[in-house]
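Heads up: the structure comes next, in structure tokens.
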Amino acid sequence: MEIKALPKALKLILFISRALLKLHKNHTKALKRTLSNTHGSHFKSQTLTSPVYTSDLSQKTLIFDVEETLLRSPSMFPYFMLVAFESGSLIRAFVLFALYPLLFLANDELSIKIMVMVSFFGIKKDGFRVGSSVLPKFFLEDVGVEGFDVLRRGKKTVGVSKLPQVMVECFLKDYLEIDYVFGRDLKVFGGYFVGLMKENKNTIKHRINEVLEEDDQTVCFSNKSVKRDWISCSKEVYMVSNGEKKTWQILPRERYPKDLIFHDGRLAFRPEPLNMLVMFMWFPFAILLSTFRAIIALTMPYDALIPILEFTGMQLKLTNNNSTPDTTSHDRKQHKGRLYVCNHRTLLDPLYLSFGLKKPFAAVTYSLSRMSEILSPIKTVRLTRDRDQDAKTMDKMLKLGDLMVCPEGTTCREPYLLRFSPLFAELSDHIVPVALDSYVTMFYGTTASGLKCLDPFLFMMNPNPVYRVQFLDQIHGVSSQASDAKSTRFEVANNVQSEIGKTLGFECTSLTRKDKYLVLAGNEGFVSKR
């Protein structure tokens, strides 16, 4: 009986298997028809290769998936790390770094939600400026030339991002000149971010349709592996693969639609996971090293401290082009010292100039922190920004000896020179321009919105910080110029700025301290004296 029953059982199993297989095939075909009806009849899909470069896009509205078609890197971790570190704290950054293995294993949406929670929770909404002062620099360095070239060819452009709006809006609108930006909205309670994103299903598609006009011809750019609902807004879609993005070139600085002159933040490197691991391992040693360097700089004589600091990794590259070292007869009559006029890179500019000269002198400052004044090994004199009073103060200091001044009034990290205040041109007939440049690999020694008293300390926390000091030929002040001194003091200031710019290869601008602080800190540069 069992032997005869076995074929019947096999037949039953085979029948059930065939039925399930047929049901599965029918379901698959129905699903394919559904997808085809939803998308296939509305657009033609192409790759972002030669067709898009030969087609005419000048009268079309281009819709970009920002992370997938404009940025070269597939990872959003560095941008959230910048938010956690710059707007939060070192501890918050370490928590985000410790969660990286989980982020690596999680899907894309869950990973972003976790990073949003860690980076934004408890951050004050009105005080959040990382999106405009820090992130644009790192976003621009991640833009691919190929995607950028297509972006510039459209009549109107729309950027759609999976990141929070506050992270990408400034970069996309101000620096890439995209017309409309649609990102994720963050929940706020009591003026603080709670670390959650608002659910906006179908909202982006609706918002895109709102800005489109009836006669707009739209073209979407997305990634092959990513499904976006808003793609159905367009009948024509170009797909970009991850392999294609790997071959993209970095957008050169000279092709930026808007010059990146000002940026803030402490991290001088792209905070990828491996880079952050190195930083966290280096940090305890950096604190000890910076303390040791500071003690050496404050206590040792010049002949001893320079080689010791060189041994610890702090490099000083000195070039002396000043062919007229003697003071002029006019200055001898008034018993004045030399006036060293420098561009401003960090708060350590006077110290490195002192190392180069191997002698102390006085330096005038505007907003030096009280702690920096106390620890400074050279004499510092605070100016008031009242022209007449500052002129008297500087003239008095020149009669006591050599004096250093930075007419820019604030630091600038990028290869640009801000406008030189012309006050110095009236005070001395012996002006020695000094071109200064600095180089760091881990931490910036300047800030617009953070604690300025930490600036020198963070600069010395770098493994191998480099300072270049170049003395240029003497330039005469207005006392030896034409009788109309009012018109020539600006010419002298512009001449000094130009000579320093040529030496460093920096571009001269008419921007001021006020412009910098309005961009980076939202104020006019009146920082607290901490």
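The values are calculated or read from the model by the stated rules, or taken from the named source; none is laboratory data. These figures come from a predicted structure and were not determined experimentally. Note: ideal-geometry Cβ built from the backbone for every residue, glycine included; neighbour counts use all protein chains shown. Calculation scope for accessible area: heavy atoms of the full protein, side chains included, ligands and nucleic acids excluded. Shrake-Rupley method; radii C 1.70, N 1.55, O 1.52, S 1.80 Å.
Determine, yes or no, whether Val434 is at pLDDT 95 or above, open to solvent by 10 Å² or more (accessible area, probe 1.4 Å) and of a type outside the set (Ser, Thr, Tyr). Don't jump to the end; show me each part of the working.
Values: at pLDDT 95 or above: yes; open to solvent by 10 Å² or more (accessible area, probe 1.4 Å): no; of a type outside the set (Ser, Thr, Tyr): yes.
So Val434 fails the test.
Beta carbons closer than 9 Å, at least 6 apart along the sequence or on distinct chains, pair a first residue in region 376-388 that is over 19 Å from Pro407 (Cβ atoms) and touching a residue at least 24 places away in the same chain (Cβ under 8 Å) with a second that is of a type in the set (Ser, Thr, Tyr) and surrounded by fewer than 16 Cβ atoms within 10 Å (Cβ to Cβ) for Pro377/Thr299. When restricted to residues that are of a type in the set (A, V, I, L, M, F, W, C) and open to solvent by less than 10 Å² (accessible area, probe 1.4 Å), region 77-114 contains 9.
Within region 255-274, the residues that satisfy the criterion of being out of contact with any Pro (no Cβ under 8 Å at 6 or more places or on another chain) and of a type in the set (D, E, K, R) are Arg255, Lys258, Asp259, Asp264, Arg266. The residues in region 120-140 that are open to solvent by less than 30 Å² (accessible area, probe 1.4 Å) and in contact (Cβ under 8 Å) with a residue 60 or more places away in the chain can be counted, and the count is 11.
Within region 405-431, count every residue that is at positive phi and surrounded by fewer than 20 Cβ atoms within 10 Å (Cβ to Cβ). First the steps, then the outcome.
Going through region 405-431, the residues at positive phi turn out to be 409.
In the following step, the residues that additionally are surrounded by fewer than 20 Cβ atoms within 10 Å (Cβ to Cβ) were identified as none.
Going through region 405-431 one residue at a time, the tally reaches 0.
Condition test on Gly195, is it open to solvent by less than 10 Å² (accessible area, probe 1.4 Å), at pLDDT 95 or above and more than 20 Å from the chain's Cα centre (by Cα)? The answer is yes for Gly195. Restricting attention to region 233-251, which residues are open to solvent by 40 Å² or more (accessible area, probe 1.4 Å) and more than 19 Å from Lys205 (Cβ to Cβ)? Result: Asn242, Gly243, Lys246, Thr247, Gln249, Ile250.
The set of residues in region 292-314 being surrounded by fewer than 13 Cβ atoms within 10 Å (Cβ to Cβ) and touching a residue at least 24 places away in the same chain (Cβ under 8 Å) consists of Leu298, Asp303. The one condition from (1) under 30 Å from Ser376 (Cβ atoms); (2) part of a loop (DSSP other than H, G, I, E, B); (3) among the acidic types (Asp, Glu) that Asp303 does not meet is (2). Screening Asp437 with (1) farther than 21 Å from Ala294 by Cα; (2) not in a helix (DSSP H, G or I) gives one miss only, at (1).
Is it true that Pro101 is at pLDDT 95 or above, within 17 Å of the chain's Cα centre (by Cα) and within 30 Å of Ile287 (Cβ to Cβ)? Answer is no for this residue.
Tell me whether region 272-280 contains one or more residues that are on the phi < 0 side of the Ramachandran plot, under 22 Å from the mean Cα position of the chain (by Cα) and outside any helix (DSSP H, G or I).
yes
Conditions tested, residue by residue: (1) out of contact with any Gly (no Cβ under 7 Å at 6 or more places or on another chain); (2) assigned to a loop (DSSP other than H, G, I, E, B); (3) open to solvent by 10 Å² or more (accessible area, probe 1.4 Å); (4) modelled with pLDDT of 90 or more.
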| residue | (1), (2), (3), (4) |
| --- | --- |
| Asn322 | yes, yes, yes, no |
| Thr327 | yes, yes, yes, no |
| Lys336 | yes, yes, yes, no |
| Tyr352 | yes, no, no, yes |
| Pro360 | yes, yes, yes, no |
| Met371 | yes, no, yes, no |
| Pro377 | yes, yes, yes, no |
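Are there any pairs with C-beta distances below 8 angstrom linking a residue in region 145-159 that is farther than 16 Å from Thr61 by Cβ to a residue that is at pLDDT below 90 and surrounded by fewer than 18 Cβ atoms within 10 Å (Cβ to Cβ), with the two at least 6 apart or on different chains, and if so which? Pairs that qualify, where the first residue is farther than 16 Å from Thr61 by Cβ and the partner is at pLDDT below 90 and surrounded by fewer than 18 Cβ atoms within 10 Å (Cβ to Cβ), are Asp149/Tyr53. Within region 467-495, residues that are open to solvent by 60 Å² or more (accessible area, probe 1.4 Å) have Cβ atoms under 9 Å from residues that are modelled with pLDDT of 65 or more and of a type in the set (Lys, Arg) in these pairs: Arg468/Lys317; Gln481/Arg489; Asn494/Arg419, counting only partners at least 6 apart in sequence or on another chain. Is at least one residue of region 438-458 in contact with a strand residue (DSSP E or B) (Cβ under 8 Å, 6 or more places away or on another chain), over 21 Å from Ser133 (Cβ atoms), crowded, with 21+ Cβ neighbours inside 10 Å and modelled with pLDDT of 95 or more? Checking region 438-458: not a single residue is in contact with a strand residue (DSSP E or B) (Cβ under 8 Å, 6 or more places away or on another chain), over 21 Å from Ser133 (Cβ atoms), crowded, with 21+ Cβ neighbours inside 10 Å and modelled with pLDDT of 95 or more.
Within region 397-431, the set of residues being at pLDDT 95 or above and in a strand (DSSP E or B) comprises Tyr416, Leu417.
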